[in-house]
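Q: Quick one: structure below, then a few questions.
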Amino acid sequence: MKHIHLAETTSTMQAVRDADERLAAGGVVVVSADYQTSGRGQRGNSWESEHGQNLLFSMTFCPVGVQASRQFMVSEALSVSIVETVRSIAPSVSATVKWPNDIYIGDCKVAGILIEHDLQGGEIRRTIAGVGLNVNQMVFRSDAPNPVSLRQVFRQQFDCKVLLDAILGKFFGMMGLEGKRATATSASVHATYMQLLYRRKGLFPYRAGSETFMAEIADVSANGTLLLRTADGKVRQFGFKEVEFVIKPNDKL
């Protein structure tokens, strides 16, 4: 693995893409940064992060033995790695994965993931994954509805490098990167992902377009489609951005 740490960059995803091309690495390249001037979140939103307060990193790699049709496994594995790292700090904390790959503590977002795949035929040629984990920031000024940091939850500061090493160790082990045999199959990764899902059990409100309805999570398909079982027993399928969780503004940790 090649790890590059930057004091500042536009975005770690662009920086790792540039570094991979410059180094002609072919293996695993990780770029972390103290600050991003143009960090991206999901849905085209910006990612708020104060200078030096949070864990910001991206990596590029070739998944081992993962077909294009099962590319969502990469998202599942990275999500699980982050949640398990957070839970290792305090097992009693309700860290979960909000489908498809936001990391939550309670009803608040502590981390986000962006993943881009370069596909060639039925194979994944190259993957770029970016992570923003709120670590030591105490005040959030953007219009994001529900951010939270580890420091706000645990009332102590954390070492971002220690968290990075823990996340990468878990993820590399699951995916078989760095020339190692994968320690998890796609089925076992999926089973763990399902266990760690936010609002895994019970009926909760969802919104699709102008419709709001009650449903429970039935499953997540191999391609990342969310299957919701409505109160009348019908199973409905939704892709990313086709449905949203309804979270009340006064929901707390």
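The values are calculated or read from the model by the stated rules, or taken from the named source; none is laboratory data. Note that the structure is a prediction, hence the values are computed from the model and not measured. Here Cβ is always computed from backbone atoms with ideal geometry, including for glycine, and neighbour counts include all displayed protein chains. The area values use the complete protein model at the heavy-atom level, side chains included, leaving out ligands, DNA and RNA. Shrake-Rupley method; radii C 1.70, N 1.55, O 1.52, S 1.80 Å.
Q: Per residue of the chain, what 222 nm ellipticity follows from adding -39500 (n - 2.57) for every DSSP H run with n ≥ 4, rounded to the nearest 500?
A: Details: 5 runs with 61 residues, N = 253.
Using -39500 (n - 2.57) per qualifying helix, the result is -7500 deg cm²/dmol.
Q: Something else: Kindly state, as a whole number, the per residue volume in cubic angstrom of the convex hull around the alpha carbon atoms of the stretch 41-173.
A: Details: hull volume 14.3 nm³, N = 133.
Per residue, the Cα convex hull of the stretch 41-173 comes to 108 Å³.
Q: Write down the percent of antiparallel bridges among all DSSP beta bridges whose residues are both part of the chain, to the nearest 5.
A: Values: 47 of 55 bridges.
That works out to approximately 85 percent antiparallel.
Q: Just to confirm the filter: which GluC sites (Glu not before Pro) across the stretch 138-228 are DSSP coil and have at most 11 other Cβ within 10 angstrom of their Cβ?
A: On the way: sites: 178, 211, 216; in loops: 178.
For GluC sites (Glu not before Pro) across the stretch 138-228 that sit outside H, G, I, E and B with at most 11 neighbouring Cβ atoms in 10 Å, the list is empty.
Q: Can you tell which of 12, 122, 205 lies farthest toward the positive end of the dipole of the chain, using +1 and -1 charges on the Cβ of basic and acidic side chains (Lys, Arg; Asp, Glu)?
A: The residue sitting most towards the positive pole is 205.
Q: When the convex hull of the C-alpha atoms of the stretch 94-235 is computed, what volume per residue in Å³ does it have? List each step's numbers first, then the result.
A: Details: hull volume 22.5 nm³, N = 142.
Expressed per residue, the convex hull around the Cα atoms of the stretch 94-235 is 158 Å³.
Q: I'd like to know which of 239, 186, 171 lies farthest towards the positive end of the charge dipole of the stretch 116-253, counting +1 on Cβ of Lys and Arg and -1 on Cβ of Asp and Glu.
A: 171
Q: What Kirkwood radius, in Å to one decimal, follows from the Cα pairs of the chain?
A: Values: mean 1/r = 0.0534 Å⁻¹.
The answer is 18.7 Å.
Q: Same structure, new question: What accessible area, in Å² to the nearest ten, does a 1.4 Å probe give for residue 248?
A: Roll a 1.4 Å probe over it and residue 248 shows about 130 Å².
Q: Enter the per residue convex hull volume of the stretch 168-241, computed from alpha-carbon coordinates, in Å³ rounded to the nearest integer. Write down the numbers at each step before the final one.
A: Numbers: hull volume 8.0 nm³, N = 74.
Output value, Cα hull per residue: 108 Å³.
Q: Can you give me the % of accessible surface on the chain that is carbon or sulfur? Probe 1.4 Å, all protein chains present, nothing else counted. Working shown, then result.
A: On the way: 5810 of 12000 Å².
Within the chain, the accessible surface is 48 percent carbon and sulfur.
Q: Compute, for the chain, the length of the dipole vector about the Cα centre, with Cβ point charges of +1 (Lys, Arg) and -1 (Asp, Glu) only. Units Debye, rounded to 20.
A: Values: 28 positive and 25 negative charges, 102 e Å.
Dipole magnitude for the chain comes out near 500 debye.
Q: Can you work out the Karplus-derived ³J(HN,Hα) for every residue in the stretch 51-62? Use 6.51 cos²θ - 1.76 cosθ + 1.60 with θ = phi - 60°, whole Hz, and x for glycine or proline.
A: Ordered by residue, 3J(HN,Hα) equals 4, x, 9, 10, 8, 10, 8, 9, 9, 10, 6, 10 Hz.
Q: Right, another one. Between Rg and the Kirkwood Rh of the stretch 95-156, both from Cα atoms, what is the Rg to Rh ratio?
A: My calculation puts Rg/Rh at 1.12.
Q: Roughly how many Å is it from the Cα centre of the stretch 1-31 to that of the stretch 73-144, as a whole number?
A: 19
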